[in-house]
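> Once you've had a glance at the structure underneath, I'll fire off some questions.
Each reported figure results from applying straightforward, stated rules to the coordinates on display, with no laboratory input. Just so it is clear, the structure is predicted and the values come from calculations on it, not from any experiment. Reconstructed Cβ throughout: ideal geometry from the backbone, glycine too, with neighbour counts over all protein chains shown.
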Amino acid sequence: MRCISTKRYGVVLIALGVTLGVSVRPAVPQTLIFSVDPASPTPLCGDAFVAGPQLVVPAVQFGLLPAGDNVDALSGGNDLFDDNTPLLFSVDRVTIGAPGTPINADAAPEMHDAHGTIYETRPPNSHAPVVTGLTLGLAPGFFGDDVDAVGEPVFFSIDRTSVTSLVRGADFAGHVLVTDGTNLSVWAAGFQMGLQPGDDIDALLLLNVKNSEMDAGGDVALFSLDPFSPSTTTGGQGGQVSPADVLMTRFDGTFHVYRHASQLGLQSDDNVDALHVLAGAIPTASGWGLVILALTLLTGAKVFFARRTVTTTSAS
Ligand SMILES: [Ca+2]
Ligand SMILES: [Ca+2]
Ligand SMILES: [Ca+2]
């Protein structure tokens with residue numbers, strides 16, 4: 001009987017381990033919400049779509065103009081991540097990618113499909129396409145559609161060419177904006193993220209921890225900048241980060257590089273223009289998952305040896 005019990009515990013523990021392992025790699029949903037860039041044939045770049053492309057959020061529901069604005073970053077504000085979390089990203093239409101990477105192969109002149117593709121990067125050096133432009137129903141080729149934002153349509157940013165900034169007399173491109181479904185407001189200003197005037201946030205992951213307001217030092221975001229931003233090496237004003245770097249801020253007036261361009265399989269003058277993380281991407285196997293698994297194993301071992309002791313005592 002004890003042997004059967006041991007096998008049962010073994011099966012349960014292995015099943016738990018497998019379950020925890022599977023949770024590290026959630027399936028990519030077919031309902032990813034995305035936007036495209038202004039040069040894309042799919043209208044309009046201020047709208048948000050799902051595969052089809054099918055319109056799900058028109059620009060006016062972001063508080064933007066019906067046309068003339070470009071949403072270039074999206075986040076639901078509930079993006080959980082840690083140092084080992086797989087990140088989804090996309091690149092712009094002139095990105096080349098590091099030699100030998102899938103991005104480089106997709107960006108080759110005979111393909112020119114990298115900018116319509118969503119990739120997954122896993123530390124330390126794994127990169128793979130997970131959603132193609134074809135799957136999303138987008139136009140292929142250099143003059144095809146460029147995915148320039150992926151995420152839930154709550155927190156967002158607009159690009160430096162957007163007319164709303166001109167109309168309102170304020171540069172919104174370097175701010176994190178939020179919509180209530182009708183109007184937009186600034187949720188976090190660029191300077192609260194360590195950005196300079198003229199910087200343009202072009203990708204966003206946001207974890208809004210406590211409440212609807214921005215909490216300096218409590219909330220956290222991953223983001224990227226466009227290639228014309230003064231803070232970038234390509235901006236011509238002495239900037240230090242690549243437009244393909246993933247940056248991190250806790251809204252304390254500073255940011256640092258979270259992952260370098262090379263860690264995403266990109267070159268320093270490439271550009272990441274969309275970031276996303278899948279729900280369930282953490283706990284990771286190296287993080288909470290292992291902690292839970294270890295506690296489960298410990299508990300199982302305790303129960304087993306307790307029963308064995310009781311059985312042995314009863315038999316003696
Ligand atoms: Ca867009
Ligand atoms: Ca922006
Ligand atoms: Ca960028």
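> Just to check I understand the Karplus step: with θ = phi - 60° and J = 6.51 cos²θ - 1.76 cosθ + 1.60, what whole-Hz values come out for region 188-193, glycine and proline as x?
Residue by residue, region 188-193 yields 9, 7, x, 5, 6, 10 Hz.
> If we count other beta carbons within 10 Å of each Cβ, what is the order of I201, I33, fewest first?
Exposure proxy ranking, most exposed first: I33, I201.
> Another one. Would you mind ranking E152, E213, E110 so that the residue whose beta carbon has the fewest other beta carbons within 10 Å leads the list?
Lowest to highest Cβ neighbour count: E110, E213, E152.
> So, one more: Can you compute the modelled spin-label distance between T254 and A170, with each label point 7 Å from Cα toward Cβ, in nm?
2.7 nm
> While we're looking at this one, here's another question. Whole Å is fine, so just give me how far the alpha carbon centre of region 127-188 lies from that of region 75-112.
Measuring centre to centre over Cα atoms gives 16 Å.
> Now for a separate question. Could you work out Rg/(2.2 N^0.38 Å) for region 29-284, with Rg from alpha carbons only?
Taking N as the residue count of region 29-284, the ratio is 0.90.
> For a test of the definition: using alpha carbon positions, the gyration tensor, and the 1.5 limit on a/c, classify region 47-121 as rounded, prolate or oblate.
Note, shape of region 47-121 comes out oblate.
> Within a 10 angstrom radius of the beta carbon, how do M248, M193 rank from fewest other beta carbons to most?
Ascending Cβ contact count within 10 Å gives the list M248, M193.
> Cα centroid distance between region 196-222 and region 52-70, in Å?
First find each Cα centre; the distance between them is then 22 Å.
> Right, another one. Once you sort the root eigenvalues of the Cα gyration tensor of region 131-170 as a ≥ b ≥ c, which label holds: rounded (a/c under 1.5), prolate (a/b larger than b/c) or oblate (the other case)?
oblate
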